[in-house]
Amino acid sequence: MIEFKNVSKTYEDTGVRALDNVSFFIDKGEFVFLVGPSGAGKSTLTKLLIKEETPNSGEIIVNGFDLNSLAKNKVPYLRRSIGMVFQDFRLLPNKTVYENVAFAMQVIGASRSEIRRSVPNVLSLVGLAHKARMKPSQLSGGEQQRVSLARALVNKPPVIIADEPTGNLDPDTANEIMQLLCEINKRGTTMIVATHAKNFVDEMHKRVLAIENGILVRDEEEGVYGYDI
Amino acid sequence: MAMIFRNLKYFVTQGVKGLLANSLMTLASIGIVIASLVIFGIFVLFGLNINSIGNQIKDQCEINVYMPNDMSRDNVRAIGSQLSEINYVKEAQLYTKEERLQNYKEGIHQDQAEVITTLEEDNPLRDAYVLSLTDVRKANEVAAAAAKIKGVEEVTNRQDLIKTILSITNTIKHVSIWLLLILAAISIFIISNTIKLGMFSRRKEINIMKFVGATNWFIRWPFIIEGMLLGAVGAAISSVIVMFGYSSILGTLQEFMGNIRILEAGDVSNIIIIGFTLMGIGIGMAGSAMSIRKHLHV
Ligand SMILES: Nc1ncnc2c1ncn2[C@@H]1O[C@H](COP(=O)(O)OP(=O)(O)OP(=O)(O)O)[C@@H](O)[C@H]1O
Ligand SMILES: [Mg+2]
């Protein structure tokens, strides 16, 4: 469950008002597309969700954490409840696929046996079980994206946020990834996908939040992308 | 706290990896810790010995009163009875020059017997009274009174020596504390730079750790352990160097000091080893803490 109440964010250094009085509510298990022109404020919104940035005003509640009153040393627990999939993957080049995913469990103190049980599961879910021993540099972009997704999934967070998960991918691979996100959402995980991929948004008939110049201009149940690319 | 023990293996592995990755800086750090602790150790050993010498002399807090070499035994005894009447004198014990020569003979090596023969022919020693006191704090007063007695040639008062030794001990204490502070500061600076390099080379990893919800302490511990390891390894090596060095000069030193006992290796090993370990680890942790504060914004 995610709630924004009149959230505004201005970046101090540039003076850019990236979000302006944004309010919405996302229920458990929803699938939501976040759309809008470049520079609209989508990434800013996801950064606020994991408290990488803090709003100038307004309230944000994520999975029961009130981010305004959340102490600094509790931020890790907020982040454990959110799986982030980054557009640039953010994988560790010197670790194997398996180790990259296991790393996410290791650093929150999971036991060896838990790691040995969960990592192969999640790797086969994203279809990479057979490439567990490879390094990221030996994988295609789509495969790296899936490792990044596996890492976000492995701790079974209730919410997944994917920032342009298909940005660098060819149409077929992009399609695979999008199907995978849908699949995971069907298992009960709340899914927030910031994207420029018009075709997916238009075809999938999911909820769409559209942001322009920091303002939430649209919130449609079965929305469309709505911009020319 | 439980988190540390549960993940200890991970933290230590990461810490060791971090050190091996920057082996040059690691060696420099360990080197500077060794240099600091060895220098400090030399001062500590010096201080401990001076202190122990002071205590040994304090125990034999006596005043020696020497008569001229050519004074007749009767005159000597007359002075002796005057000496025993001085306030605070418990006893005035006479050691004749013959007795003193005998003592001296027993104290030196057989192969120097030739010297003894010449000494026996013309004994250069003087008759002496050793005054023991009822109150050692009055030593200066008694010595002054003894010196005033006519015919007394020389009065030696160990009290002065004790004072000198105490002041040397004090100076050494101050110098070593300052030295320790300066050396520790240099070590901490170098260690913190070593750990900073580790942080920079792992900043991508640290970033990901933050995003997947590693706690701040989880991120910090490998670096703290890195610092502790640097300090501990430095302490271990410098303990070996200092103890080995001390043992090897001990014999010569003891010979040189004669009947004043020098501390055995066993007397100082605990202080050195435990002290070095604590200081080494402390310095290492301080170095880690410094770069964590400055560079690890978690
Ligand atoms: N760290 C920052 N410091 C200053 N300004 C920033 C920062 N990050 C983003 N901005 C500004 O905030 C605005 C919104 O940026 P944001 O990254 O949220 O856009 P976006 O919708 O994700 O765009 P895109 O689709 O290109 O990823 C932009 O004008 C950007 O220049
Ligand atoms: Mg963006």
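The values are calculated or read from the model by the stated rules, or taken from the named source; none is laboratory data. All figures in this text were calculated on a predicted structure; none of them were measured in a lab. Neighbour counts run over all protein chains shown; Cβ positions are idealised from the backbone, glycine included. In case anyone asks, the SASA skips ligands and DNA or RNA and just uses the protein heavy atoms, side chains included. Shrake-Rupley method; radii C 1.70, N 1.55, O 1.52, S 1.80 Å.
Here are some notes:
- The alpha carbon radius of gyration of chain B, expressed as a multiple of 2.2 N^0.38 Å, is 1.57.
- Buried surface for the A/B pair, taken as the accessible area of each chain alone minus that of the pair with a 1.4 Å probe, is close to 1700 Å² in total.
- Acute angle (nearest 10 degrees) that the helix B:158-201 long axis makes with the longest principal axis of chain B, alpha-carbon atoms: 10 degrees
- Each Lys and Arg adds +1 at its Cβ and each Asp and Glu adds -1 at its Cβ; summed about the Cα centre, segment B:62-157 shows a dipole of about 540 debye.
- The phi torsions of segment B:134-141, fed into the Karplus equation with coefficients 6.51, -1.76 and 1.60 and a -60° offset, translate into couplings of 7, 9, 5, 5, 8, 3, 5, 4 Hz, rounded to whole numbers, with Gly and Pro shown as x.
- Per residue, chain B reaches -26000 deg cm²/dmol at 222 nm when only DSSP H runs of four or more residues are counted, each adding -39500 (n - 2.57).
- Principal axis box of the protein assembly as shown, alpha-carbon based, largest edge first, Å: 129, 47, 35
- Ratio Rg/Rh, restricted to segment A:38-186 and using Cα atoms, in which Rh is the Kirkwood radius: 0.98
- Cα shape, segment A:11-79, gyration tensor, a/c 1.5 rule: oblate
- Shown are A:ASP219, A:ASP88, whose ranking by accessible area with a 1.4 Å probe and every protein chain present, most to least, is A:ASP88, A:ASP219.
- Using the Cβ of B:TYR129 as centre and a radius below 13 Å, the other residues enclosed give a net charge of -1, where K and R count +1 and D and E count -1.
- Assuming charge only on the beta carbon of Lys and Arg (+1) and of Asp and Glu (-1), the dipole of chain B about its Cα centre is about 2900 debye to the nearest 20.
- ³J(HN,Hα), Karplus 6.51/-1.76/1.60, whole Hz, each residue of segment A:11-26, x for Gly, Pro: 6, 4, 5, 9, x, 6, 8, 7, 9, 10, 6, 8, 10, 6, 9, 10
- Per residue of chain A, the DSSP helices (runs of n ≥ 4 H) give a summed -39500 (n - 2.57) that works out to -9500 deg cm²/dmol at 222 nm.
- Relative contact order computed over segment A:91-156 (Cα-Cα under 8 Å; 6+ residues apart), in percent: 51 percent
- Computed over chain B, relative contact order equals 30 percent, with contacts defined as Cα pairs under 8 Å that lie 6+ residues apart.
- Part-to-part distance (alpha-carbon centres) for segment B:167-206 and segment A:145-199, which is given in Å: 49 Å
- Think of a 1.4 Å ball rolled over the protein heavy atoms: segment A:91-156 then has 44 Å² of accessible area per residue.
- Here the accessible area of segment A:1-144 is 47 percent carbon and sulfur, with a 1.4 angstrom probe and all protein chains present.
- Helix axis angle, B:265-295 relative to chain B longest principal axis, alpha carbon, degrees: 30 degrees
- For segment A:91-156, the average shadow cast by the Cα convex hull is 3.8 nm², which is a quarter of the hull's surface.
- Dipole magnitude of the protein assembly as shown about its Cα centre (Cβ charges: Lys, Arg +1; Asp, Glu -1), debye to nearest 20: 1660 debye
- Diffusion constant of segment B:62-157 at 37 °C, which comes from Stokes-Einstein with the Kirkwood Cα-pair radius and 0.692 mPa s, µm²/s: 233 µm²/s
- Segment B:264-279-segment A:92-137 distance, computed between alpha-carbon centres (Å): 47 Å
- For the residues of B:202-212, the average number of beta carbons from a partner chain within 10 Å of their own beta carbon is 6.
- A Förster radius of 51 Å combined with the Cβ-Cβ distance from B:GLU99 to B:VAL175 puts the calculated FRET efficiency at roughly 0.75.
- Burial of accessible area (probe 1.4 Å, heavy atoms of protein chains only) in segment B:213-232, relative to its chain alone, reaches at least 30 Å² for B:GLY213, B:THR215, B:ASN216, B:PHE218.
- Take B:18-28, A:207-217, B:169-179 and order them by the average number of nearby Cβ atoms within 10 Å per residue, most first; the result is A:207-217, B:18-28, B:169-179.
- Cα-based helix-to-principal-axis angle, B:97-107 vs chain B, degrees rounded to 10: 30 degrees
- For the segment A:103-113, counting C-beta atoms of other chains within 10 Å of every residue's C-beta and taking the mean gives 5.
- The shape of segment A:126-229 comes out prolate: with a ≥ b ≥ c from the C-alpha gyration tensor, a/c is at least 1.5 and a/b beats b/c.
- Chain A - share of DSSP beta bridges that are antiparallel (%, nearest 5): 50 percent
- Taking a straight Cα-Cα cut-off under 28 Å and skipping sequence neighbours fewer than 8 places away in the same chain, the lysines within cross-link reach of B:LYS150 are B:LYS90, B:LYS97, B:LYS138, B:LYS163.
- Each residue of segment B:20-26 was assigned a 3J(HN,Hα) from its phi angle through the Karplus curve 6.51 cos²θ - 1.76 cosθ + 1.60 (θ = phi - 60°); the sequence is 5, 5, 10, 4, 5, 5, 4 Hz, with glycine and proline shown as x.
- Note on A:LEU48: accessible area approximately 0 square angstrom, rounded to 10, probe 1.4 Å, nucleic acids and ligands left out.
- Distance violations [Cα-Cα > 24 Å] among A:LYS74/B:LYS17; A:LYS42/B:LYS210; A:LYS72/B:LYS294; A:LYS5/A:LYS42; A:LYS131/B:LYS196; A:LYS42/A:LYS95: A:LYS74/B:LYS17; A:LYS131/B:LYS196; A:LYS42/A:LYS95
- Note on chain B: dipole from Cβ charges, positive end direction compared against B:ILE191, B:GLY275, B:LEU296; the farthest Cα belongs to B:LEU296.
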